[in-house]
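The structure under discussion appears below in the form of structure tokens.
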Amino acid sequence: ADGELVQYHYGLKDLVTILFYIFIAIILHAVVQEYALDKINRRLHLSKVKHSKFNESGQLVAFHLTSMVWCLYVVVTEGYISNPRSLWENYPHVYLPFQVKFFYLCQLAYWLHALPELYFQKVRKEEIPRQLRCIALYLVHIAGAYLLNLTRLGLILLLLQYLAEFFFHVARLVYFTDENNEKLFNVWAVVFVVTRLFTLTLYILVIGFGLPRVENQALDPERGNFLSFLFNNILFRMSVLLLVCLFQASVMWRFIHFQLRRWREYWNEQSSRKRAATGAKQQAKPLKRDSGYHENGVVKAENGTSPRTKKLKSP
């Protein structure tokens, strides 16, 4: 009422809030599974392996779409896209607007809720290490951006990441419904490369040029300044940028290897289909008939005589 802008800081009470929203995420997960994915699965009659992957992609499509729209709304209303300098200006960004803090708490709650969901969804043992690795990476990056006061940069990076993941899981859903339809994987490949380039550019811009120019370069944990004094050291800054570039290069190498393998399998499948079609055509060719023509079901020779040899009567 008095026009004051209320901002928030992180603390131990966030753990209680995150716990509450973990239960909310479990309920929403069950609603999406019961009223959407299970009904589609009954119609598709998928195998157990495809059934598990379909459920995983279906849940992530709903989550990534919601998070992507929400994150885009936050970064636009807070002016982080229109003013890129705000990503590092006035660092550390200790005090957060409500929508930024609430977004981070919900993100942490969702990825923490994914741990008990591995048991509730009866995920196969072969899939558990991959999903645990994915959950751990998201938790480390989101919690790191939240606790190190890099929330603005974290929002942009999450938006780019969720955009690529959304197209990937949509392509998987379409592929499970129609295995001959792989066009959306090509769209995902383009989006993935573009988002990787933007991610690398943001890292270089913020770490290489932004944080070293912050006014307060002293280590001050009480004020939340954990990083600017480190990035003021050119050796440390270049080492971090090198690690970031190597990590992005490894991701791109795995992506290129995956795409080459997928194209190789596609062309092998196409060539096998062509060979099968050629063999079917050769088998469908009509057999050569005897010389002559048919008349009332009897083969006649060209001179009108019957091709059958007459039996000679015994004298």
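Nothing in this text is a laboratory measurement; each read-out follows from the coordinates by a stated rule. Please read all numbers here as calculations on a predicted model, not as lab measurements. Here Cβ is always computed from backbone atoms with ideal geometry, including for glycine, and neighbour counts include all displayed protein chains.
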Paramagnetic reach from residue 99 (point 7 Å along Cα→Cβ, amide N under 16 Å) across segment 68-88: 68-83
Grab every C-alpha pair in segment 4-152, bin the distances at 10 angstrom width from 0 up to the longest one, and report whole percents. 10, 35, 31, 17, 7, 1
Quote to one decimal, in nm, the extra length available between residue 197 and residue 86 on full extension: 0.36 nm per residue of separation minus the C-alpha distance between them. 37.9 nm
Other-chain or far-sequence residues with amide H under 5 Å of residue 8's (modelled H): 96
How large is the translational diffusion coefficient of segment 7-272 in µm² per second when you combine the Kirkwood radius over alpha carbon pairs with Stokes-Einstein at 25 °C and 0.890 mPa s? 120
I'd like the distance between the alpha-carbon centres of segment 85-130 and segment 244-259, rounded to an integer number of Å. 24
Separation between the residue 14 and residue 178 pseudo-spin-labels, each 7 Å from Cα along Cα→Cβ, expressed in nm? 4.5
In this structure, the FRET efficiency calculated for residue 277 and residue 252 from their beta-carbon separation, with R0 = 41 Å, to the nearest 0.05, is 0.65
